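Just below is one structure, and these are the notes that go with it.
The values are calculated or read from the model by the stated rules, or taken from the named source; none is laboratory data. Since the model is a prediction, treat every value here as computed from it, not as a measurement. Here the Cβ positions follow ideal geometry from the backbone for every residue, glycine too, while neighbour counts run over all protein chains shown. Accessible surface is based on the protein model in full, side chains and every heavy atom, while ligands, DNA and RNA are left aside. Shrake-Rupley method; radii C 1.70, N 1.55, O 1.52, S 1.80 Å.
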Amino acid sequence: MIRQIFGFIAKFRDPFTYGTAVVVAAVLYLTASSLDRGQQNDLTSLFLLMTLALAWNLVGGYGGQFSLGHSIFVGVGSYATAVILTLLGWPLIPTMIIAAVMSALIGLLLAYPLLRLRGPYLAVGSLGMAVAAYGWMINWDFTKASQAYAMPKEAQVDFATMYQFATVLLLIAIVSIVALVRSPLGLRLVALRDNELGAASIGVKRVRTLLPVWALSGLLTGAMGAVYAVQQGTLTVDGTFNIQFSLDAAIICVIGGLGTLSGPFIGAIIIYFLRKYSAEYQNYALLIEAVVLVIVVRFFPAGIVGLISKGFRAIVHRRAAAQK
Amino acid sequence: MSQPSEPILVAEGVTRTFGGVTAVNNVDLIVNPGELVGIMGPNGAGKSTFFSLVAGARKPSAGKLRVCGKDFTKIGLGDAARFGVGLAHQIPKPFKKLTVRQNVDIASYVLPRSQRKAAVDYALEVSGLTGRQSKMAGDLGLLELKRLEIARVLALDPKLVLLDEVAAGLSGSDLDELIELVRTVHASGKTVILVEHVQEVIHKLAERVVVLEWGTKLMEGTPAQVSNDPRVVEIYLGSAQNESALKRDVHPGGETRLKVEGLSAGYGPVKVLDNVSLEVKKGEILTVLGANGAGKTTLAKALEGMVKTRTGSVWFNGEDITDVATFARQRRGLALVPEGRRLFGELTVRENLRLGLKSERGFKATHKDQSPLDKVYSLFPKLVELNDRQAGQLSGGEQQMVAVGRALAGEPDVIIFDELSLGLAPIVVDRLLEAVVQIANWGTSVVLIEQNIHKAMAVADKILVLKRGEVVFSGKPTDFSEEELQRAYLGAS
């Protein structure tokens with residue numbers, strides 16, 4: 001019986017995943033007006049955090065490459081949106097798409113040298129790039145250097161529209177990531193992570209496999225930066241090219257479950273609400289977050305998702321044993 | 001495309017150096033389509049390096065190398081598989097978080113889309129994994145991992161199949177199954193080159209054998225020619241076993257060092273050991289035998305506290321250590337030489353040995369006279385000259401000496417050897433077994449877990465035979481008949 005249910009789920013896993021995502025997103029999209037502005041803003045922030053974590057998880061979780069350079073994509077996406085709107089006066093949505101594409105190109109550009117590094121060297125290499133990008137931006141007069149860059153009037157949308165942007169972006173992220181992970185490219189990606197030499201000896205080429213993955217991760221993170229720019233209204237280098245984005249993404253994925261589909265969602269929800277409700281304890285807020293992180297890493301190294309699937313397997317096993 | 005008459009492999013003066021060390025020196029070899037060629041040689045002869053060149057994982061430093069009509073002197077990682085070369089690694093390299101089928105799927109991506117499914121189905125069927133295809137690769141046992149390694153190679157639909165020590169660690173019916181598998185692969189029209197220590201495999205399969213020594217080609221010929229050549233016999237098999245070296249000058253007895261009563265252990269839902277009892281006295285050698293999956297390695301881990309004991313107890317020097325942590329058992333004098341050696345590859349030989357010492361005082365004492373390390377160097381004089389080399393750079397046999405030395409440095413009362421001879425040439429195995437006897441003669445008790453049944457029985461004072469986690473025989477080796485041995489390994493009753 002249980003086996004049949006599992007077989008059924010396995011058979012319709014992909015349509016089920018896509019279907020659920022589309023339906024949930026549609027409901028969220030259509031009910032936007034029934035939420036108040038505070039809720040719309042909160043959910044926008046949460047969805048952006050989820051998108052960031054999902055995009056990072058592609059490289060850091062499935063690919064096993066611990067990137068600390070993802071703040072560059074957030075920065076490029078947000079500043080490109082602001083600059084194109086100001087200088088060229090394009091409509092908002094095409095601008096955001098172009099900004100995301102620019103971020104994807106930056107992803108290819110960064111990945112090409114970075115992919116020669118592995119493990120901690122890649123983490124430090126990408127961190128170096130993030131620091132260099134920050135240093136460049138803080139001195140670049142074209143983007144008003146260290147001064148705030150105000151988004152033009154065209155970017156001022158109401159909270160409901162902003163929330164709908166975030167919903168659509170999250171849906172795009174889920175669908176594209178599921179498609180990639182389940183494709184031959186996704187299998188090769190995991191193979192490279194699990195055993196690089198074994199992968200090479202059955203014809204998997206490292207750079208060729210990883211470049212498109214970095215490009216997609218850059219695209220989604222850049223789009224997240226574009227919506228983030230719309231939400232913020234005013235950009236600063238500190239608020240966009242900040243290493244904190246990479247760290248947040250990594251922490252969310254570790255807490256939720258690295259290299260899993262639902263890990264970034266669970267992690268993002270935990271971190272978002274933890275921050276929201278611990279904010280009133282001021283100095284202790286960071287401490288609380290740190291303690292949660294340490295506890296998860298120590299006791300549930302596979303994240304909350306790992307804990308759930310372990311418990312699930314234990315139940316199934318006990319049932320199977322009882323049937324015997 | 002290459003003409004059918006063109007050789008599949010042409011090596012002319014192929015040389016590969018690492019720093020100052022020449023691993024492969026000026027090797028010539030031609031392999032024609034459809035051949036089954038064996039490569040033998042003692043550990044450190046350069047077999048694995050030569051294989052890595054043919055598989056495109058490394059580039060030759062000098063010489064010409066053409067494989068499947070392609071120039072392999074300038075080739076990138078991952079290209080060889082696309083040109084039709086499939087390498088099955090000595091140590092399986094599974095993608096643990098993917099299913100068996102997904103593992104094989106990845107290999108099939110080098111083929112046109114329409115052929116992939118058929119190639120994967122065929123590979124799974126030939127390698128006997130069809131029934132396991134939805135299992136996680138990380139959950140497989142050794143034999144299944146070896147099969148997976150071969151299945152992945154087959155799914156590439158390669159012209160040339162390279163098998164690196166695929167028989168290592170297998171025995172009895174498992175070995176026969178594997179030989180049959182290789183035969184099937186060859187019969188399907190593929191060219192096969194295999195590197196093997198297990199003589200039986202070379203004899204049963206190879207049409208032509210190449211012998212390497214110190215990176216150069218010593219000779220080539222039929223298996224019969226090679227095994228009758230005195231040069232080969234000397235370098236590969238060693239001169240006739242020195243009987244006196246295996247003689248025990250101390251008759252064991254006296255106090256009990258290690259005692260196990262009714263031990264059960266396992267992983268998750270699986271029970272691997274069931275009600276195992278044993279006793280080892282001072283200076284005694286207990287050999288543990290059993291087919292793959294009988295629970296030998298789990299026994300070693302349970303003795304050392306790396307696997308939790310479910311029921312039963314472990315006593316060491318009259319003290320109950322059932323709940324004592326691994327490091328504490330080690331300090332009390334229960335040492336393990338683990339399967340696969342587990343050396344610190346980046347550290348030098350001296351540093352590896354030093355880490356085995358009970359205290360730093362022991363190390364400083366080497367400059368004076370008495371030190372546990374002196375014993376190690378007297379046992380393996382070769383380690384003196386290797387002292388400053390990185391352990392990871394040594395050959396398999398040398399690494400095993402370092403692993404034994406590291407365990408001895410802690411001056412243990414009992415030392416457990418898990419798969420001492422795995423993947424090593426017979427001459428090296430003899431040398432190591434001599435060392436085991438010497439260690440027992442010093443009064444240290446030995447638990448020897450071995451695949452090499454006859455040699456391990458020859459040095460044993462007592463044997464313990466496991467079958468599916470249960471003790472099926474315990475006593476003197478002379479009381480254990482060949483018939484019973486067959487039964488334990490082949491499962492016939």
Cα gyration tensor category, rounded, prolate or oblate, for chain B with a/c compared to 1.5: prolate
Between B:D79 and B:K96, what length in nm is gained on full extension when 0.36 nm per residue of separation is reduced by their alpha carbon distance? 3.8 nm
Between the range A:207-272 and the range B:102-125, the Cα center-to-center distance that results, in Å: 35 Å
On the formula 1/(1 + (r/R0)^6), with r taken between the Cβ atoms of B:V270 and B:A328 and R0 of 35 Å, the FRET efficiency rounded to 0.05 is 0.85
What's the extension gain from B:H203 to B:E484 if we count 0.36 nm per residue and subtract their Cα-Cα distance? 98.6 nm
In degrees, nearest ten, helix B:396-409 long axis to first principal axis of chain B (Cα): 20 degrees
Keeping all protein chains in place and using 1.4 angstrom, which order do A:Y121, B:Y267, A:Y277, A:Y134 fall into by accessible surface area, from largest down? A:Y121, A:Y277, B:Y267, A:Y134
For the range A:18-323, what is the charge dipole size about the Cα centre, in debye to the nearest 20, if Lys and Arg each add +1 at the Cβ and Asp and Glu each add -1 at the Cβ? 1140 debye
Calculate, for the protein assembly as shown, the solvent-accessible area per residue in square angstrom, rolling a 1.4 angstrom probe over the heavy atoms of the protein chains. 45 Å²
Counting only protein heavy atoms, probe 1.4 Å: which residues of the range A:150-195 lose 50 Å² or more of accessible surface in the full assembly compared with their chain by itself? A:L187, A:R188, A:D194, A:N195
Efficiency of FRET from Cβ geometry, A:R182 and B:E261, R₀ 56 Å, rounded to 0.05: 0.60
Can you list residues whose amide H is under 5 Å from B:V337's amide H, if they're 5+ apart or on another chain and H is modeled 1.01 Å from N? B:I416, B:F417, B:D418
Once you keep just the Cα pairs under 8 angstrom separated by 6 or more residues, what percentage relative contact order results for the range B:262-346? 27 percent
Tell me, which residues of the range B:61-101 get at least 50 Å² less accessible area when the other protein chains come in, versus the chain alone (1.4 Å probe)? B:L77, B:R82, B:K93, B:F95
In Å, the Kirkwood hydrodynamic radius of the protein assembly as shown over pairs of distinct alpha carbons? 30.2 Å
Sorted by chain and then number, the residues having a modelled amide H within less than 5 Å of the amide H of B:L464, at least 5 places away or on another chain, are B:T287, B:V288, B:L289
What's the local net charge at B:D139, with K and R +1, D and E -1, over the other residues with C-beta under 10 Å away? +2
Rounded, prolate or oblate: which fits the range A:5-136 when a ≥ b ≥ c are the square roots of the eigenvalues of the alpha-carbon gyration tensor, with rounded for a/c under 1.5 and prolate only if a/b beats b/c? oblate
Between chains B and A, total accessible area buried, probe 1.4 Å, no ligands or nucleic acids, nearest 100 Å², roughly 1900 Å²
Just report the Cα centroid separation between the range B:409-448 and the range B:144-159, whole Å. 35 Å
Rounded to the nearest percent, how much of the accessible area of the range B:243-490 (1.4 Å probe, protein heavy atoms only) is carbon and sulfur? 48 percent
Taking 0.36 nm per residue of sequence separation and subtracting the Cα-Cα distance, how much length would be gained by fully extending the chain between A:A145 and A:I288, in nm to one decimal? 48.0 nm
How about the range A:199-219: which of its residues lose at least 30 Å² of accessible area in the presence of all protein chains relative to their chain isolated, using a 1.4 Å probe? A:A200, A:S201, A:I202, A:G203, A:K205
Qualifying lysines (Cα of each under 26 Å from Cα of A:K310; at least 8 residues distant if same chain): A:K11, A:K324, B:K93, B:K96, B:K97, B:K135, B:K271, B:K301, B:K308
How much FRET efficiency would the formula 1/(1 + (r/R0)^6) give for A:R313 and A:T31, where r is the Cβ-Cβ distance and R0 is 45 Å, rounded to 0.05? 0.80
Cα Rg, Dmax (largest Cα-Cα span) when computed across the range B:243-490, Å: 17.4, 54
Rounded tilt (10° steps) of A:2-11 against the dominant C-alpha axis of chain A: 40 degrees
As I understand it, the dipole of the range B:243-490 uses +1 on the Cβ of Lys and Arg and -1 on the Cβ of Asp and Glu, about the Cα centre. Which of B:I449, B:G293, B:Q400 lies farthest toward its positive end? B:Q400
